[in-house]
Amino acid sequence: MPEIFKSPAFVISGQDLGESDRLITFYSMARGKVRGIAKGAKRSRRRFVNALEPFTMLNLSLALPRTTGLNRIDSTEILDNFPLLRHKVECYIMASLCCELVNLWTKENDPQEDLFKLLRWYLNSLNDGFHPRKTTLFFKTLLLALAGYAPDFDQCLLCKKPPMGDHVIFKLHAGGFICSECRKSGEKTHKISLGTLKSLRHIQNGPLDNFHRLTMTDAVLEEAWSLMKSLHCHHLERVPASYVAVNGLKLEIGK
Ligand SMILES: [Zn+2]
């Protein structure tokens, strides 16, 4: 008998494998990212009755290979499929982006319980109808911190003083900002308002329960969104594919 691994897990991605199988990537509570083959899933959807759709939370049971090779999905029991977020295009696209980011940021068999909890909080929040873009910004800010790249929003990189004036200049590679006093004239890249800096500091320091009470103007949300996107892309050294759909969404809304 193969060894069986059981854990609550989220489906974060899936791809076809050969004629009839699918290879599914999960984020599990017990082992972090794990992958498993869904035998026959491409031929018959009945075998896994929608359990392998993106973002589904399930009780996963994986049969581990005795020597080398891939895990096989033994059984699945759906815990929550977040039905409401599936009916809103914006929520679906945002959730796809966050699952792609989790996939890009994590290694297999490297569990982070806080990341599992963050993902559960995020999908629940979208499903409960909270503002998709704002909730996604919260998620991305905390994910970056869990990945070990939390920027310093508290003090200037050079003079170590708290931010003053209207704006600071954010330095992506240094993970911090330069205050208006220290900044050389003419520097215009990643000019960030103090309001945005404060909001991001507030989000980064948590706790999750208080987030939905945080009010942000549209300008602050857009500036924070753009900075977080730049930080993720900079550290990952790529632009996650889901941003194409996210950008398309913005155009739709802007019409
Ligand atoms: Zn300074």
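The values are calculated or read from the model by the stated rules, or taken from the named source; none is laboratory data. A quick note: this is a predicted structure, and the numbers were derived from the prediction, not measured. Cβ atoms come from the backbone with ideal geometry, glycine included; neighbour counts cover every protein chain shown. Side chains included, ligands, DNA and RNA excluded: accessible areas come from the protein's heavy atoms. Shrake-Rupley method; radii C 1.70, N 1.55, O 1.52, S 1.80 Å.
Details
- Residues (within 8 Å of the ligand (Cβ to nearest atom) and either at positive phi or surrounded by fewer than 17 Cβ atoms within 10 Å (Cβ to Cβ) (or both)) located in region 181-200: Glu181, Cys182
- Looking only at residues of region 100-146 that are open to solvent by less than 40 Å² (accessible area, probe 1.4 Å) and small (Gly, Ala, Ser), we find that the one that is nearest to the chain's Cα centre (by Cα) is Ala145.
Yes/no matrix, rows are residues, columns are (1) in contact with a strand residue (DSSP E or B) (Cβ under 6 Å, 6 or more places away or on another chain); (2) not β-branched (Val, Ile, Thr):
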position	(1), (2)
Thr67	no, no
Phe82	no, yes
Lys88	no, yes
Ile93	no, no
Ser96	no, yes
Cys99	yes, yes
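- Whenever a residue of region 71-83 is among the acidic types (Asp, Glu), its partners that are open to solvent by 60 Å² or more (accessible area, probe 1.4 Å), lying with C-beta atoms within less than 7 angstrom and at least six residues away or across chains, give the pairs Asp74/Ile4.
- Filtered by the rule that a residue be of a type in the set (A, V, I, L, M), open to solvent by 50 Å² or more (accessible area, probe 1.4 Å) and closer than 21 Å to Lys107 by Cα, region 206-244 gives Val239, Ala241.
- Per the conditions (1) near the ligand (Cβ under 9 Å from one of its atoms); (2) aliphatic (A, V, I, L, M); (3) under 16 Å from Leu227 (Cβ atoms); (4) open to solvent by 30 Å² or more (accessible area, probe 1.4 Å), the sole criterion not satisfied by Ala174 is (1).
- Being closer than 24 Å to Ala147 by Cβ, assigned by TED's automatic domain parsing to the domain that holds Tyr149 and not β-branched (Val, Ile, Thr) holds for only one residue in Lys33, Lys88, Lys107, and it is Lys107.
- Every condition in (1) more than 24 Å from Ser230 (Cβ to Cβ); (2) more than 18 Å from the chain's Cα centre (by Cα) holds for Asp152 except the one numbered (1).
- Taking every residue in region 140-167 that is among the small types (Gly, Ala, Ser) and within 16 Å of the ligand (Cβ to nearest atom) and pairing it with any residue that is open to solvent by less than 60 Å² (accessible area, probe 1.4 Å) and outside any strand (DSSP E or B), at least 6 positions away or on another chain, the pairs with Cβ-Cβ distances below 7 Å are Gly165/Ser180.
- Pairing each residue of region 200-218 that is closer than 22 Å to Phe177 by Cβ with any residue that is acidic (Asp, Glu) and open to solvent by 40 Å² or more (accessible area, probe 1.4 Å), provided the two are 6+ apart or on different chains, yields C-beta distances under 9 Å for Arg201/Asp154.
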